[in-house]
Amino acid sequence: MNTITSDIKITKTKATKIHDVDFDNLNFGKTFSDHMLVCNYKNGQWQSPEIVPYQPIVLDPSAKIFHYGQSVFEGMKAYKDSDNNIFLFRPLENFKRLNISSKRLAIPELPEDYFMEGLKTLLRIDADWIPTKEGSSLYIRPFIFASGQGFHASPADEYKFIICCAPSGSYFSGKVKVLIEETYSRSANGGVGYAKTGGNYAGQFYPTQLAVEKGYQQVIWTDDTNHEYIEEAGAMNIFIRINDTLITGPTSDRILDGITRKSIIELAKAKGIHVEVRKITVNEVIEAAKNGTLKEMFGAGTAAVISPISGFGYKGHDYDLPELEDTYAAFLKKHITDIQTNKSEDPFGWRVKA
Ligand code: PLP
Ligand code: COI
């Protein structure tokens, strides 16, 4: 791989903010590290990345991001072990997915070394910002948006790729109660559901607000045709345990191909858990809840890690999940976080040193 590290211009902050941060009580994504990486696309190519102090961005009011939502993002985490080594989890998967999203949004694809070398350099500079307390990590947000100007509804001619980082604690404070959606849709066949683009999230906010008003924290999206199949949640993929089988829906152009999801499938299989990747109907889950074979449901994602679901609502009824002693969720979460934080062997080769 050709390296661009020497081309990255670095301007360090004159005043670190790190002493203002209470690393023992971190929220999710509310505090930001000292630096960020910025890389501009203009004249038909990506320019050399720069690392600068974390700061606001100045944009023209006609920048196309504001009008047409041409943007994509990723979510990743960095961890530090007891010897201060920095690790990423399957970062190339995030890089590939960013370009898959970009292609769908007509955003120019980014070269791999700009992403990987840029990210690693930024992490080494902001290494002190990587929390080590159990359950916390440095959440990394790479994103690209249309900074080019004009009201014409067509792709911009200029873009910004930025990476910023937020030392973060858990995304959810406890178990999550979810509402299975029967009216609204997150995505549709041929749409942008598989892309990590801002509009997919904006479109969920209103139905999620309605669910929150009814006492749920997240919506579980169902297919847009008949609302018959379980798809995914607002910020995570969904796993369902019926008896001792772990089931998750197949990815499609409506669902984000989650890196945590695919890691869990591989890990669970390696640990001897029977895994089925297949379509699962809401009716099957209701039946299992009624006959006592529904053991667990959990969400999986970078921010959410593995988040157990306490119960779900559907058509005005609430269904509670049992309180089990030994859950697949806890077992898989321990194994995956031990790999991420270098507390265990990594037989899959997922951990990458920064
Ligand atoms: N689905 C959605 C809609 C998400 O926003 C996320 C979070 O990134 C996921 C699934 C999980 O994906 P990953 O495990 O790659 O973070
Ligand atoms: C992530 O898990 O990284 C996500 O992108 C979810 C996010 C919308 C907070």
Take the stretch 319-347 and flag every residue that is more than 19 Å from the chain's Cα centre (by Cα) and among the hydroxyl-bearing types (Ser, Thr, Tyr).
Tyr319, Thr327, Tyr328, Ser344
Does the stretch 183-191 include one or more residues that are assigned to a loop (DSSP other than H, G, I, E, B), at pLDDT 95 or above and more than 27 Å from Thr208 (Cβ to Cβ)?
no
Which residues, counting only those in the stretch 170-182, are at pLDDT 95 or above and either buried (at least 19 other Cβ atoms within 10 Å of the Cβ) or not assigned by TED's automatic domain parsing to the domain that holds Asp257 (or both)?
Lys177, Val178, Leu179, Ile180, Glu181
Considering residues of the stretch 262-282 that are within 11 Å of ligand 1 (Cβ to nearest atom) and farther than 17 Å from Thr327 by Cα only, the residue surrounded by the most Cβ atoms within 10 Å (Cβ to Cβ):
Ser263
Would the stretch 254-261 turn up any residue that is modelled with pLDDT of 95 or more and more than 16 Å from ligand 2 (Cβ to nearest atom)?
yes
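Check the stretch 150-167 and report whether any residue there is among the aliphatic types (A, V, I, L, M), surrounded by fewer than 15 Cβ atoms within 10 Å (Cβ to Cβ) and either in contact with a strand residue (DSSP E or B) (Cβ under 7 Å, 6 or more places away or on another chain) or not assigned by TED's automatic domain parsing to the domain that holds Ile57 (or both).
Within the stretch 150-167, none of the residues are among the aliphatic types (A, V, I, L, M), surrounded by fewer than 15 Cβ atoms within 10 Å (Cβ to Cβ) and either in contact with a strand residue (DSSP E or B) (Cβ under 7 Å, 6 or more places away or on another chain) or not assigned by TED's automatic domain parsing to the domain that holds Ile57 (or both).
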Would you confirm whether any residue within the stretch 277-285 is under 21 Å from Ala78 (Cβ atoms) and under 21 Å from the mean Cα position of the chain (by Cα)?
no
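If the requirement is being among the basic types (Lys, Arg), surrounded by fewer than 16 Cβ atoms within 10 Å (Cβ to Cβ) and either assigned by TED's automatic domain parsing to the domain that holds Ile259 or within 30 Å of Ile255 (Cα to Cα) (or both), which of these qualifies: Lys64, Lys103, Lys17, Lys77?
Lys103
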Residues of the stretch 1-27 classified as part of a helix (DSSP H, G or I) and modelled with pLDDT under 95, total
3
Check the stretch 215-228 and report whether any residue there is within 16 Å of ligand 2 (Cβ to nearest atom), buried (at least 23 other Cβ atoms within 10 Å of the Cβ) and in a loop (DSSP other than H, G, I, E, B).
no
Only one of Tyr139, Tyr201 is in the same structural domain as Phe89 (by TED's automatic domain parsing) and either modelled with pLDDT of 95 or more or crowded, with 20+ Cβ neighbours inside 10 Å (or both); which?
Tyr139
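The values are calculated or read from the model by the stated rules, or taken from the named source; none is laboratory data. None of the values given here were measured: they were computed from a predicted structure. Cβ atoms come from the backbone with ideal geometry, glycine included; neighbour counts cover every protein chain shown.
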